[in-house]
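Contents: one structure, followed by commentary.
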Amino acid sequence: MTHILNLTPTLKINQLIQSLPKIQTNFNKSNFNQAFEVCCQQLEQTYPEWTAALFDRSFLTNEAAPLFKNGSIPSPLQLASAWREQFGVGQNREADIDTILPVAADFLDLLYLEINY
């Protein structure tokens with residue numbers, strides 16, 4: 001991990017994201033889609049300010065869709081980073097990711113629970 005510390009902040013985050021394992025769910029496409037829909041609705045109700053900031057159904061079903069391939073659930077950091085990437089280069093990348101991280105974690109926790117329980 002020491003070699004990562006010598007990289008630029010963007011490279012640090014990208015390397016960390018790539019090294020994180022994805023959580024596998026008990027994949028059933030119909031159950032996953034239903035759970036995903038429930039979670040998107042909950043996200044809109046619980047975090048309207050973040051859905052207005054493009055952490056919304058469109059982002060989750062388009063830009064973030066590869067993260068959910070075959071029922072995988074990404075880490076909150078992976079999802080937060082994907083949300084930030086849609087805005088391109090910016091000065092406050094790490095701060096933006098830190099700010100959205102709890103919202104991403106809540107969404108993913110709910111999704112995991114909806115799928116598995």
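Bear in mind these aren't lab numbers, they're just calculated from the coordinates by the rules spelled out. Treat the numbers as computed from the prediction; the structure is a model and nothing was measured. Cβ placement follows ideal geometry from the backbone for every residue including glycine, while neighbour counts extend to all protein chains displayed.
Observations
- Residue list for region 61-84, restricted to those being buried (at least 17 other Cβ atoms within 10 Å of the Cβ) and either part of a helix (DSSP H, G or I) or among the aromatic types (Phe, Trp, Tyr) (or both): Leu67, Phe68, Gly71, Pro76, Leu77, Gln78, Leu79, Ala80, Ser81, Ala82, Trp83, Arg84
- Residues in region 82-117 that are of a type in the set (S, T, N, Q) and more than 11 Å from Phe55 (Cα to Cα): Gln91, Asn92, Thr99, Asn116.
- Residue identified as acidic (Asp, Glu), surrounded by fewer than 14 Cβ atoms within 10 Å (Cβ to Cβ) and assigned to a helix (DSSP H, G or I) among Asp106, Asp98: Asp98
- If you go through region 44-58 and keep only what is over 11 Å from Phe107 (Cβ atoms) and either surrounded by 17 or more Cβ atoms within 10 Å (Cβ to Cβ) or polar (S, T, N, Q) (or both), you end up with Gln45, Ser58.
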